[in-house]
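The values are calculated or read from the model by the stated rules, or taken from the named source; none is laboratory data. All values reported here derive from a predicted model rather than from experimental measurement. Ideal geometry is used to build each Cβ from the backbone, glycine not excepted, and the neighbour counts take in all protein chains shown. Calculation scope for accessible area: heavy atoms of the full protein, side chains included, ligands and nucleic acids excluded. Shrake-Rupley method; radii C 1.70, N 1.55, O 1.52, S 1.80 Å.
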Amino acid sequence: MTGPRTPASTPATPDAQWWRQAVVYQVYPRSFADSNGDGLGDVAGITSRVPYLAELGVDAIWLSPFFPSPLADGGYDVADYRDVDPRLGTLDDVDELIAAAHAHDIRVIVDVVPNHTSDEHEWFRAALAAGPGSPERARYVFREGAGVDGELPPSDWVANFGGSAWTRVPDGQWYLHLFAPEQPDLDWTNPEVHADFEHTLRFWSDRGVDGFRVDVAHGLAKDLLEPYRPSNEQALPLDGSDPLYDRDEVHEIFEGWRRVLDEYDPPRAAIAEAWAPAPRRVLYARPTELGQAFNFDLLEAPFDPTAFRTIIERNLAMSEESGASSTWVLSNHDVVRHATRYGLPDDTDTDAWLMTDGFTPPLDRDHGLHRARAASLLLFALPGSTYTYQGEELGLHEAAAIPRELLQDPKWIRSGHTVKGRDGCRVPIPWTVDGPSFGFGDVPPQLPQPEDFGASSVEALADDPTSTLSLYRAAFATRRQLQRGEHLTWLDTPEHVVGFARHDGWRSYTNFGTSPVALPDGDVLLASGPLTDGMLPGETTVWVG
Ligand code: GLC
Ligand code: CA
């Protein structure tokens, strides 16, 4: 950008603790709204929809990466952390978005991706050019290979999207990448890496950004001492002894970040994406570190009362211990949408189901959405902050029928076309009933939408009091009005019912069973589905006060 930096804007009402019980709406920028008709969502598109988000009643938006990126992994391969992808806009556009959000008292969270850069980041290009042993290579993890001539990868570590976690460069060295080869891992023992990320945190904080979502926070510290030990990402140990994930040293990094975030008034918030075992996950959320960590337990749980209750109890206890508030999430850009998950038999392997082009049975769409509404309304009554992924307020299902030649997810490519990947939850949002992209833009989007998407559009749902959009709006408004304190009290309930009181004026009951139970006493504030004959029907949540 040229010219003077726009002064940072601030939200309408100052509140340093805004994040503790916020409703955070996740925007996946390329699929939200396309302002210039090139089929790709962009920053100005998001700005144009801020009034919609304000009406929905969210407290903050989290923007998945909008930085320059060759898009090897949907933007999680960042070529420049302090700029905007020209296809998505400019820094001025981001300033405008922040100002528009703040004018509606909506906070802005941006995504930081510290585990790896893009292979097109200037650092990685310099590393390739400079050769073995150079300071440029020392920002990444370059090693000699195994075998007689170094022709084998240094270890048998496997990358998240499949294949070896090492890729060889023409001069014979190998570099480490926990994700795609286009995402080389940074070496966080290098002080230059620390300094650069602190620069990035200040860069966005100076522009008025209120918080950061930290990608793969549990991956930054690695044990690279030989002999390389095997990693077990699926079942990480509780003592931090895995060589690649959730090691104790990672916490020193985030203590450093906290010092930077606390330079601001109010201090900038941060949330860790740390797929660590629950008791260790909360360590990232300590007030001396990021402050919050995603809790993906419910996102991974079946629609089951015991699972929900156990998970809620455990997470509330753990967050109290860590001094953070809990976080709750059912859907994001990495998983099959929850309306779809709940419409499939419980033991469905969703990867395998997607490969069948899953628009055929056994998916029961109405049933899935009915349960999703019940689960979401339960979630919104919980103490802590809640994350809503764009489109779940429209009751969207996974778009399972994307033609294979149009799939973009590196999981699809790296798995040798055996895992379909995450594109099905990333298709553009339907805003209108008709039009070439249902109001997303003026032309068909780069990732095609299902033909029946118009029926789930904002336009179709906005004035229907029974729609999922109306339910979300009412839930967020009611929550905002009633929410105080960060506690809940479990209530005595019939089997299959999970009931708790936030306080006398606000109780939530979810009937996970299939037969109706008596409606609890009190005035009905909101229900996830129709109530009949004074009963709480199966798979329905009701709030009473
Ligand atoms: C996180 C992101 C995911 C991305 C990965 C690598 O898990 O949520 O979308 O592919 O990190 O950056
Ligand atoms: Ca565009």
* To do: Look at region 463-482 and say how many of its residues are closer than 30 Å to residue 423 by Cα, open to solvent by 30 Å² or more (accessible area, probe 1.4 Å) and part of a loop (DSSP other than H, G, I, E, B).
  => 3
* If you scan region 116-150, which residues turn out to be open to solvent by less than 20 Å² (accessible area, probe 1.4 Å), more than 14 Å from residue 174 (Cβ to Cβ) and charged (D, E, K, R)? -> none
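Residues are listed down the side, and each one gets a yes or a no for (1) touching a residue at least 24 places away in the same chain (Cβ under 8 Å); (2) more than 25 Å from residue 251 (Cα to Cα); (3) within 16 Å of ligand 1 (Cβ to nearest atom):
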position: 122; (1), (2), (3): yes, yes, no
position: 125; (1), (2), (3): no, yes, no
position: 128; (1), (2), (3): yes, yes, no
position: 134; (1), (2), (3): no, yes, no
position: 162; (1), (2), (3): yes, yes, yes
position: 169; (1), (2), (3): yes, yes, no
position: 184; (1), (2), (3): yes, no, yes
position: 191; (1), (2), (3): no, no, no
* Structure fact -> Matching residues in region 378-406 (farther than 18 Å from residue 458 by Cα and either without any contact (Cβ under 8 Å) to a residue 12 or more places away in the chain or outside any strand (DSSP E or B) (or both)) number 14
* Asked: Only one of these conditions is not met by residue 520: (1) assigned to a strand (DSSP E or B); (2) open to solvent by less than 30 Å² (accessible area, probe 1.4 Å); (3) out of contact with any helix residue (DSSP H, G or I) (no Cβ under 9 Å at 6 or more places or on another chain). Which number is it?
  -> (1)
* Asked: Among (1) open to solvent by less than 20 Å² (accessible area, probe 1.4 Å); (2) small (Gly, Ala, Ser); (3) not in a helix (DSSP H, G or I), where does residue 375 come up short?
  -> (3)
* Please state which one of 159, 180, 138 is in contact with a Pro (Cβ under 6 Å, 6 or more places away or on another chain) and among the aliphatic types (A, V, I, L, M). => 180
* Asked: If you scan region 483-512, which residues turn out to be free of Cβ contacts under 8 Å to residues at least 40 places away in the same chain, of a type outside the set (D, E, K, R) and in a loop (DSSP other than H, G, I, E, B)?
  -> 491, 493, 494
* Return the only residue of 409, 423 being within 26 Å of residue 183 (Cα to Cα), free of Cβ contacts under 8 Å to residues at least 60 places away in the same chain and open to solvent by less than 10 Å² (accessible area, probe 1.4 Å). => 423
* Is one or more of the residues making up region 3-10 on the phi < 0 side of the Ramachandran plot, within 16 Å of ligand 1 (Cβ to nearest atom) and touching a Gly at 6+ places or on another chain (Cβ under 6 Å)? -> no
* Asked: Can you name every residue in region 183-208 that is of a type in the set (Gly, Ala, Ser), closer than 15 Å to residue 98 by Cα and assigned to a helix (DSSP H, G or I)?
  -> 205
